[in-house]
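In what follows, a structure is listed as structure tokens, so that the remarks can point back to it.
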Amino acid sequence: MKTKTPTRLHVFIGRQVPTLIVLCLCVIGLILLPFQIPVSKAAQASALGPRFFPTVMLCAAAVCCIISILSESYCFFARGENLKSFPLAPVKQYGKVLCLVAALLVWYVLLRPIGFVIMTVCLMIISMLLLGNRHVWQVIAIPCLTSVLIYLVFANFLNVPLPAGILPL
């Protein structure tokens with residue numbers, strides 16, 4: 001049986017799908033952001049509220065997606081370059097992605113009852129192990145220090161309360 005070779009246009013469109021998905025998620029995030037992040041009275045008094053950083057990050061990601069689409073469109077249409085299709089990752093890589101998505105969902109569900117610091121430490125340890133880090137001191141020290149630092153910055157400097165959970169913070 002003869003397999004079809006994808007045309008240049010199919011390869012171009014296939015290369016844009018992940019970028020378009022990320023762009024759509026950014027737009028959805030920008031639309032839902034005001035409903036998801038409440039602004040406390042203390043945050044209203046500051047120039048930069050709790051919505052500032054997520055808004056900047058979502059806008060930056062959307063701009064990067066648009067630049068990527070435009071640059072590939074220029075290479076494909078104006079310069080006539082042949083684009084190579086993305087190679088398929090091994091099934092093991094998809095399993096790692098699914099494990100990370102599951103870990104993110106568990107983090108989200110248990111964030112309020114258990115707390116930001118504990119759940120973020122667990123999420124970062126799982127992420128580091130899935131990405132292949134096997135240095136025990138790094139897998140323990142980096143998540144602990146990062147989680148506590150993020151908690152202190154948000155709670156003390158940005159006036160954004162994060163769930164303390166079972167820790168007396």
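The values are calculated or read from the model by the stated rules, or taken from the named source; none is laboratory data. Treat the numbers as computed from the prediction; the structure is a model and nothing was measured. Backbone-built Cβ (ideal geometry, glycine too); neighbour counts: all protein chains shown.
Residue-wise test of (1) among the aromatic types (Phe, Trp, Tyr); (2) within 17 Å of the chain's Cα centre (by Cα); (3) surrounded by 14 or more Cβ atoms within 10 Å (Cβ to Cβ).
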| site | (1), (2), (3) |
| --- | --- |
| Lys96 | no, yes, yes |
| Leu104 | no, yes, no |
| Gly132 | no, no, no |
| Ile142 | no, no, yes |
| Asn159 | no, no, yes |
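Taking the options Pro54, Pro6, name whichever one is surrounded by 11 or more Cβ atoms within 10 Å (Cβ to Cβ) and either closer than 30 Å to Asn159 by Cα or at pLDDT 80 or above (or both).
Sole residue among the options that is surrounded by 11 or more Cβ atoms within 10 Å (Cβ to Cβ) and either closer than 30 Å to Asn159 by Cα or at pLDDT 80 or above (or both): Pro54.
Within segment 57-79, the set of residues being among the basic types (Lys, Arg) and at pLDDT 90 or above is empty.
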